[in-house]
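The values are calculated or read from the model by the stated rules, or taken from the named source; none is laboratory data. Predicted, not measured: the structure shown is a model, and the values here were computed from it. Positions of Cβ are backbone-derived with ideal geometry, glycine not excepted, and every protein chain shown enters the neighbour counts. Keep in mind that these areas ignore ligands, DNA and RNA; they rest on the heavy atoms of the full protein, side chains included. Shrake-Rupley method; radii C 1.70, N 1.55, O 1.52, S 1.80 Å.
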Amino acid sequence: MSKPNVGLKASGVCKPNLGIRLNWRRKRQLQGISSMTPNVNFNSGIVPRDKDDLVACDRLMAAGDDEVIANIEQLLACLQDIRWPIAVPVSDRLLRLDHRLILPVQKVLLGSDETWKYWIISYLLHHVDAVVLEGLRFILSKIVMSPTPSEIDSKVTNVAHELMQARPIK
């Protein structure tokens, strides 16, 4: 499997993949990428600035749901590699959103970043409430039943199949 395709702001803020292939080991890669997502409030302090920003994770855990939802795309971007130190704490906080995770996760699963899909399916979705899985059932079934060539190559189909076997949707 290839390395995650992550977009990091000049200050290292976790950003959704904007179609730019970046080296996952580097914290700072592009200047001005924040202008590509103008409606984001990076001053809230709950979005980790790099893969090691556990202080932001502490603030995230104490943040209210409204603030978390306002930053959900950037927080999901922090899950582009579950091996990052910030990934599990961010996941833990996102799991408290229950059904409000459905639409943002759908966007990831319908996107083209296979590595990001892989980590969302193989980790986050194994821990979500059953109502979230039910809301994602159609997309997960599509990934299993009629995957794209890139979903097959990156093993997204395999982890989706494993998820559906481990947590059958009733």
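Out of the total accessible area of region 55-140 (probe 1.4 Å, heavy atoms of protein only), what percent is carbon and sulfur? Intermediate results must be reported in sequence, preceding the final value.
Working: 2000 of 3500 Å².
Using a 1.4 Å probe with all protein chains present, region 55-140 comes out at 57 percent carbon and sulfur.
If you build the convex hull over the alpha carbons only and average its shadow over all orientations, what do you get for region 54-121? Give it in nm² to one decimal. Before the final figure, lay out each step's value.
Details: hull surface 16.5 nm².
Answer in nm², one decimal: 4.1.
Can you give the net charge of the other residues whose Cβ lies under 9 Å from the Cβ of Ile86, counting K and R as +1 and D and E as -1?
It works out to a net charge of -2.
Using mean Cβ contacts within 10 Å as the protection proxy, how do 78-88, 61-71 order, highest first?
Working: 78-88: 19.7, 61-71: 14.5.
The most tightly packed comes first, giving 78-88, 61-71.
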Exercise. Give the residue from Ala87, Gly111, Ile143 lying farthest towards the positive end of the charge dipole for region 82-164; charges sit on Cβ (+1 for Lys and Arg, -1 for Asp and Glu) and the dipole is referred to the Cα centre.
Key: Ala87
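Note down the magnitude of the dipole of region 42-170 about its Cα centre, charges +1 on Lys and Arg C-beta and -1 on Asp and Glu C-beta and zero elsewhere, to the nearest 20 debye.
Numbers: 14 positive and 18 negative charges, 69 e Å.
That gives region 42-170 a dipole magnitude of about 340 debye.
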Quiz prompt | Inter-label distance for Met145 and Lys107, nm, one decimal - labels placed 7 Å from Cα along Cα-to-Cβ | solution = 2.7
